[in-house]
Structures are given as structure tokens and as C-alpha cells.
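Trainee: First the structure, then my questions, so here it is.
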Amino acid sequence: MTPSRMPDYDPEWKTKYASMIETAKEAVMHIRPGQRVFIGTGAAQPLHLVQALVDRHRELADTQVIHAITIGSAPYAFKELADRFLVKTFFISANVRETIQEGYGEYVPMTLYDIPRLFESGRMPLDVALIQVTPPDRQGRCSLGVSVDIVKSAAANASLVIAQVNPQMPWTHGDSLISVYDLDILVPVDEPLLETTDLGFSATTAVSTSMETDEVTRAIGEHIASLVEDGSTLELGIGRIPHAVVEFLKNKKDLGVHTEVITDAIIDLVEAGVVTGAQKSTDRGKIVTSFALGTRRLYEYVDDNPIFSFNPTEYVNDPFVISRQNKMVAINTALEIDLTGQVCSDSLGTRFYSGIGGQSDFNMGAGRAQDGRAIIALPSTAENGTKSRIVPTLQPGAGVVTTRGYVHYVVTEYGIAYLHGKSVQERAMALITIAHPKFREELLSKAIEYKWVRPEMADVEGRLFVGPKEVRTTMLLDDGTLISFRAIEPTDEAATRDLFYSLSQETIYYRYMSHMKRIPRKQLQNFVYIDHRNEVAIVGTVPEAHGEEIIAIGRYYLDPKTNRAEVAFVVRDDWQNRGIGTFIMKHLANIAKSNGISGFTAEVMRENKPMQAVINHSGFKVRSTLREGVFHYEIDF
């Protein structure tokens, strides 16, 4: 239900401020050639003022048009008008992209957080600001409505502020008010705000304005949602990937929101009770944002709704403010990423495509937050699957928005790669694992060629597979500890080695039937590089500061001749006798049955009583024979 309007608008405002009121045509007559003109952001772009400005093009030369994200028409952004209007933008929206890419406009690469200081310092002086506001209330205050972001700073620092006054602009709470006396000219206009459904607009890199999800974006969304814990605070952007994440957040609890932009997707999360902000470290209970971009449904929902707090970019995008949120999760997209972790988000080679936006701000803030998670998401391919977005090196001319030193999580439809604090070899292998299968061999070959990974890694070519997500499950121990099980991955090589060296000699002897002092690298690779069809392996993990720690591994190897699989598992000594082995046995049996396997075999030493107990109490039909101190088991499903 949309909250009722409470602002006490002054019904006589047109009379009271009559000396300030002009038509759009009259207002733009104050603009002189060569001046810098700022245009308001997003849905609050004052279209009547913009059109009136363009209508004067014959009288205006060398006028700089400065803005960030704009939507709708940009009638000043044509090469025929390039000697009249020079577009200077901090973010390349679809409506100015051709102009920028053809060299008739200019892109200013800056983080959103820094832009207000550019205005305030005078390093980019503003002569005129064209903005859109609500009518003034009885106290003479107007609301900047759905776009506070850099608009508030622009209005505060421009020599002349011309405001399109629109009663259909929502009144928003937060630091969104401006005194009518800080405006110079008022231009009354009564019309609906721009909506994303009306536009061919791409507001974030690698995504379109369409909110329709597909198999790829849904898979990415599900992976991202798995990184979002109850009580987390989110930054979500515009486009298919953020929208897909929302779909998988419906079972989360007490999420908060601190984000530069909100879309219609926020409404469903609020109404479902998922977003409460109850556990936010700052701005508790508030959805903090700087602008809204969506449909009329969203604009009506934020209108005088006190749970929304609209604030300037210098607050919302401040990495220090962001870092104060415990469990801050920043979700941003990219165009491509190289095998060392460099993230390109604003250009396609030498062609500028979008902008830095808030990616650097939120990535840095979330990375510094207590239990924070900075996530870069992208589909594994581009151009209808013909190009990999994970590349050996970035294209010539590509810009690095997030450096390899600041990247944390990278997500594609094939999984999650955690890069922070990892070596170049670990990064390369993690990213290859989540690349599209048809590009993995090429990526591995390049990584070997560049000496980023060991030459012997060539032996794993053809075995770079990611296990199916269907094998994921959890086990809750009696003391409340939650163990997560998933398919083993190529990036588990180091953790599998760590598990081996944590085992007692007795456990090693029972599992491998020899007194192994070390595990050869070749054997370790054989453990983690598997096809997940004839050979299946699952790992049991618990969370640690470095990510996950493997405390158990279970696997089976299929003999196609008998349609039986040999099963084996190992549990770290300090986790034994807690039912984990029994759980692994049953879970592997369920996987095997779903794959049409008729039963298991197992070789168990006579001294290994715990393993014998697991098999004998599995609930299946069990036969065993003892030969030379080893029980040979046959288990029928």
C-alpha cells in the first residue's frame, strides 16, 4: 500500500514566488555561450528545460553539457550539434553512447563519490544547473525527489539554478531538501516522470534495462544469493543480474539496503519482510539510496515513505560510510576480467561504454567492512557465446575499474571464484574454473604460456569441470554447527592438501591403506580434477576467515563394466564420531542412484571399525568377505 502524502505543499506557491517563475523558453534565455550546464540525473532529468536549451542551439556555441546517468532523449547529443553542445559525462548512458564513441563528446572517468568534490572545489565550475524538484511546502522547502545523488551538490555550486517544478515528483525523506530561495528560476511543469519501461537504457555495465531473467542470469543470481547471509546490507544496481539476485533472496531475514540506486525490485523485498534494516550498523531501519530509477509503481512507493532515506552521493558512496556496515555486500557487474583479476567495467577495448559509477566506491567499502563481501558478477560469454568475458589479458585500451588488489569475489553462471589474498596461479585456476567450458582449455594454455601457472598443469587439460549444483546439501550437527556439502572443484587443490596434512597417521592409513607422509601433486590433481559423471566427489566445509575449510571428503569411482562404484570417504580426526561419515555415505548413495548406479563396493581394513559400522548400518543390502585383513563390501541399492 502506498503511504499517504504528508508534505504540506503551499497552495499559493505560484503567487508567493511569482517573481521567480518563468517559462522554460524564458528560463534558458539566461544561459550564455561557452557556459557549463549541469543536467539532473536519471528519472529527474528536466526534459522541458533540456528541450528548451536545445531549441536555442543557434544562439549557443561551445556550451558544455555536464551530467552523469541520464535517460530518455538527449537532443543535444548529436554530431550535427557538436560545435554547439559538448557532452561531458561521468557515465555513458545509451542516449549519449554513440556521440561519445564517435569522438563528438567526452567521458570523464571518476568514481561517483569524488564528483561532488569536483564541483565544490571549483575544479569543474558550474555556471548553470537544470534540475527538477517538487513544489515548495509552506516552509519554502522543495524535495529533490528521486534524484539527490550529485544533483544536490550541483545545485549548491552552480551560479544559476533553474528548477523544473513538478507536482508529480515524489517527496522523499533523508537529506533531499533544498530551499526554494536556493533556486533562481522556477519553471512549473506537470507531467509523469520518466520510467525505465519506456526507454532503451543501459544503466550498468554488461546488462540492459530489461528485467527479464534468463537461465544464465538466474544462475548468477542464485550463486550471488548464496553469499548473502541473514542480516547483510546490500548494494544492488540496475539490470538483469541484480534483479535475478532478488529472486533468490526471498528466504533471507533482516536484510538492509545501502545502495546508490533502487529499482522496483526493492518493493517486493520490503513487502515480503525480507528487507527490514533491523541489523544495520548505521541508518538502522532505513533503506539508504541516492536515486531511484524504475516505474511509476516505484515512484509512488517512495513518495513520502519514511523507510527510504535519499541522500547525496558524497554520503551514500563514501567508502568509509559503506565500510561501517557489518556484512556489507556490494554487487557490481563487469564487461570482462583477466586471469589476474583485473576488472574492466567501463569500456570495450578502446570504446568507452558506460562508466566507473559506484563500483570502486562500494567494492572498496564492502571489502573493508566487517564480514563484508565485494562481488563482481558477469556472464561467462558475450556476443551470443562467441567470446569469453574471462580473458587471459584485457583488450588493448580496456580500462581497469577494480584493480586485481581489490577484487574479492567473481561470479559467473558456472560458480564463484574467491580471489582476494590469492596468488596469481590460484586466481587464474579459480577464474578458469568458472569460465565457459568451451574456453577453459584456451585460457589454461595461455596461463601456462605466461608462466602464471606451473607447466605441469597442462596435464589437467580436458578435466576442468565444475560439479553440479544439485549435489549441494547441508548437515546440522547436534551442537548446531552447520556443515555445507558441495561438489569438489579444481580450486580445492590447496584445501584438499591441507586436509591431508591435518589427518592423523591412523586416519591416513585407514583411508589410503599405506603410511603416506606426503601426497604427490599428481595424486592431488587426480582427486580434484574429475568429470563428475564416472567419478563423483563431495566436500564437507565449514566457514573460516579465509573462506571455507574442508573437513571431510567423500567420493565414488564407477566401474562401467559392473555399474557399481567404489566408495570411500575421510573425515578429519577432530570431526569424527559425529555422524558425518554416515551422512556422506547416504548422500553419495542418493547421487549414485540418481545416476542409475546399482550399488557400491568398498575396501575397508579389518581394524577400521568406524567405517565398517557406517556401511553395516547404511540401510542397504550389504555383503562382505574378508581377504588378507581387508573387508571387501558389496552394497546393493
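Trainee: Kindly list, by first and then second residue, each pair from a residue in region 46-62 that is touching a residue at least 60 places away in the same chain (Cβ under 8 Å) to a residue that is part of a helix (DSSP H, G or I), limited to pairs with Cβ atoms under 7 Å and residues at least 6 apart or on different chains.
Mentor: From region 46-62, the pairs are H48/A24; L49/A24; L49/A27; L49/V28; L53/V28.
Trainee: Sticking with this one: Pick from S159, S176: which is in contact (Cβ under 8 Å) with a residue 24 or more places away in the chain and touching a Ser or Thr at 6+ places or on another chain (Cβ under 6 Å)?
Mentor: Among S159, S176, only S176 is in contact (Cβ under 8 Å) with a residue 24 or more places away in the chain and touching a Ser or Thr at 6+ places or on another chain (Cβ under 6 Å).
Trainee: Give the residues of region 545-574 that are crowded, with 18+ Cβ neighbours inside 10 Å and outside any strand (DSSP E or B), sorted by residue number.
Mentor: The answer is R572, and nothing else.
Trainee: Which helices (runs of 4 or more DSSP H) does region 1-113 wholly contain that include 3 or more residues that are in the same structural domain as T134 (by TED's automatic domain parsing) and within 27 Å of the chain's Cα centre (by Cα)?
Mentor: Of the helices (runs of 4 or more DSSP H) lying wholly inside region 1-113, those with at least 3 residues that are in the same structural domain as T134 (by TED's automatic domain parsing) and within 27 Å of the chain's Cα centre (by Cα) span 94-101.
Trainee: Looking at E314, is it charged (D, E, K, R), in contact with a Lys or Arg (Cβ under 9 Å, 6 or more places away or on another chain) and either part of a strand (DSSP E or B) or more than 22 Å from V148 (Cα to Cα) (or both)?
Mentor: It is false that E314 is charged (D, E, K, R), in contact with a Lys or Arg (Cβ under 9 Å, 6 or more places away or on another chain) and either part of a strand (DSSP E or B) or more than 22 Å from V148 (Cα to Cα) (or both).
Trainee: Find the residue count for region 507-550, including only residues that are more than 38 Å from the chain's Cα centre (by Cα), in contact (Cβ under 8 Å) with a residue 60 or more places away in the chain and under 30 Å from L476 (Cβ atoms).
Mentor: Total satisfying the criteria: 2.
Trainee: Then there is this: In region 161-183, how many residues are surrounded by fewer than 18 Cβ atoms within 10 Å (Cβ to Cβ) and closer than 19 Å to H67 by Cβ?
Mentor: Selection size over region 161-183: 0.
Trainee: Follow-up. Can you find a residue that is crowded, with 18+ Cβ neighbours inside 10 Å and farther than 19 Å from A537 by Cα anywhere in region 580-603?
Mentor: For region 580-603, residues crowded, with 18+ Cβ neighbours inside 10 Å and farther than 19 Å from A537 by Cα: absent.
Trainee: Going through region 510-521 one residue at a time, which ones are modelled with pLDDT of 85 or more and under 13 Å from E607 (Cβ atoms)?
Mentor: Y510, R511
Trainee: Turning to a different aspect of this structure: Evaluate region 556-572: report whether one residue or more is under 27 Å from L227 (Cα atoms), out of contact with any helix residue (DSSP H, G or I) (no Cβ under 7 Å at 6 or more places or on another chain) and not β-branched (V, I, T).
Mentor: no
Trainee: Consider N384 against the criteria (1) outside any loop (DSSP other than H, G, I, E, B); (2) without any contact (Cβ under 8 Å) to a residue 24 or more places away in the chain: it satisfies all of them except one. Which criterion is unmet?
Mentor: (1)
Trainee: Charged (D, E, K, R) and at pLDDT below 95: does that describe D184?
Mentor: no
Trainee: Out of all the residues in region 605-627, is one or more among the charged types (D, E, K, R) and closer than 23 Å to H532 by Cβ?
Mentor: Looking for residues that are among the charged types (D, E, K, R) and closer than 23 Å to H532 by Cβ, one finds none in region 605-627, hence no.
Trainee: For region 139-160: of the residues being of a type in the set (S, T, Y) and more than 28 Å from the chain's Cα centre (by Cα), which is surrounded by the most Cβ atoms within 10 Å (Cβ to Cβ)?
Mentor: S143
Trainee: When you look at D264, is it touching a Lys or Arg at 6+ places or on another chain (Cβ under 7 Å) and in contact (Cβ under 8 Å) with a residue 60 or more places away in the chain, yes or no?
Mentor: no
Trainee: Are any residues in region 199-238 surrounded by fewer than 18 Cβ atoms within 10 Å (Cβ to Cβ) and modelled with pLDDT under 55, and if so, which ones?
Mentor: G200, S208, S210
Trainee: Determine whether region 551-572 contains at least one residue that is over 33 Å from the mean Cα position of the chain (by Cα), among the acidic types (D, E), in the same structural domain as A613 (by TED's automatic domain parsing) and under 30 Å from E461 (Cβ atoms).
Mentor: Among the residues of region 551-572, at least one is over 33 Å from the mean Cα position of the chain (by Cα), among the acidic types (D, E), in the same structural domain as A613 (by TED's automatic domain parsing) and under 30 Å from E461 (Cβ atoms), which makes the answer yes.
Quick grid of which residues meet (1) over 14 Å from the mean Cα position of the chain (by Cα); (2) within 24 Å of V316 (Cβ to Cβ); (3) in a loop (DSSP other than H, G, I, E, B):
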position	(1), (2), (3)
G365	no, yes, no
D371	yes, yes, yes
I375	no, yes, no
T393	yes, no, yes
G397	yes, no, yes
V400	yes, yes, yes
Y406	yes, yes, yes
V410	no, no, no
I416	no, no, no
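Trainee: Filter region 340-363 for residues that are of a type in the set (D, E, K, R) and buried (at least 16 other Cβ atoms within 10 Å of the Cβ); which is farthest from P319 (Cα to Cα)?
Mentor: Looking at residues that are of a type in the set (D, E, K, R) and buried (at least 16 other Cβ atoms within 10 Å of the Cβ), I get D346.
The values are calculated or read from the model by the stated rules, or taken from the named source; none is laboratory data. Quantities reported herein were computed from a predicted structural model and do not represent experimental measurements. Methodologically, a virtual Cβ is constructed for each residue, glycine included, from the backbone with ideal geometry; neighbour enumeration extends over all protein chains shown.
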